[in-house]
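The values are calculated or read from the model by the stated rules, or taken from the named source; none is laboratory data. None of these values were measured; they are calculated from a predicted model. Reconstructed Cβ throughout: ideal geometry from the backbone, glycine too, with neighbour counts over all protein chains shown. Please note that ligands, DNA and RNA were not included when accessible areas were found on the heavy atoms of the full protein model with its side chains. Shrake-Rupley method; radii C 1.70, N 1.55, O 1.52, S 1.80 Å.
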Amino acid sequence: MNAQSPAVEIMGLVKRFGSITAVDGLELRFPRGTVVAMLGPNGAGKTTTVEVCEGFLRPDAGSVRVLGLDPVADGRRLRRRIGVMPQGGGAYPGVRAEEMIRLVAACAADPLDPAWLLDVLGLASVRRVPYKRLSGGQQQRLSLACALVGRPELVFLDEPTAGMDPQARRLVWDVVAALRADGVSVLLTTHVMEEAE
């Protein structure tokens, strides 16, 4: 594993679901410590690409390396080094916000302080509220907190501001800028031009 290897390197990625080709020959390479936005309409293959990079889907053709590792073959080693914010949900419906982030933190070697992260993301006042009772924007921010609590080298943010009001959206953009300043690589998907910019 080479520390100078790109954050993500995708060569000729193809992913099919039956007769549908979701990703067709994608080439993407970006260095560590950068933020890359995948911009495209719904159904363009952004989430599929991210799920292949995370090791949740196997490519049908091509090769993918994330932090120098094969996401499928080296999935166990890779998952310790990445943070994942899925497009929707990602938490148990009945779990309280603070319980969810503490559960994820317990899986990390050197986690951030969950209480601090909840405060930074504006969730301290709802820390005891069950996930299913949080607003859509609060659910998104909790998912972001779970992606960040393990101090990842690379964060995948799949439509991170979906369902958020303008103030919460600005908060997420500020967090992404702080991650970049700290040398964390970020791959985010969006269909909103303003967010990509």
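In this structure the amide hydrogen of residue 61, modeled in the peptide plane, comes within under 5 Å of the amide hydrogens of 14, none closer than 5 places in sequence on its chain. FRET efficiency for residue 74 and residue 191, Cβ-Cβ distance as r, R0 = 22 Å, nearest 0.05? According to the calculation, E is roughly 0.10. Looking only at trypsin sites (Lys or Arg not before Pro) in DSSP loops with at most 14 other Cβ atoms within 10 Å, what is the longest site-free stretch of the chain? With trypsin sites (Lys or Arg not before Pro) excluded where exposed in loops, the chain gives 1-79 as its longest stretch.
The residues of the chain have, on average, 51 Å² of accessible surface per residue, using a 1.4 Å probe with all protein chains present.
Counting protein heavy atoms only, region 51-197 has 49 percent of its accessible area on carbon and sulfur, 1.4 angstrom probe.
Please work out the Cα center distance from region 7-45 to region 106-137, rounded to the nearest Å. For region 7-45 versus region 106-137, the Cα centre distance is 30 Å.
Against the main long axis of the alpha-carbon atoms of the chain, helix 166-181 sits at an angle near 60°. Counting only protein chain heavy atoms and rolling a 1.4 Å probe, the accessible areas of 21, 161 rank, largest first, as 21, 161. Each of 48, 101, 19 was scored by the projection of its Cα onto the charge dipole of region 1-143, and the greatest displacement toward the positive side belongs to 101; charges sit on the C-beta of Lys, Arg, Asp and Glu. Take the alpha carbon gyration tensor of region 96-197, find the square roots of its eigenvalues, order them as a ≥ b ≥ c, and report rounded if a/c is under 1.5; if not, report prolate when a/b exceeds b/c, else oblate. Oblate, since a/c reaches 1.5 and b/c is not below a/b. Taking Cα atoms only, the orientation of helix 97-106 departs from the longest principal axis of the chain by about 50 degrees. Max-minus-min Cα coordinates of region 10-160 on each principal axis give 46, 30, 24 Å, with the largest extent listed first.
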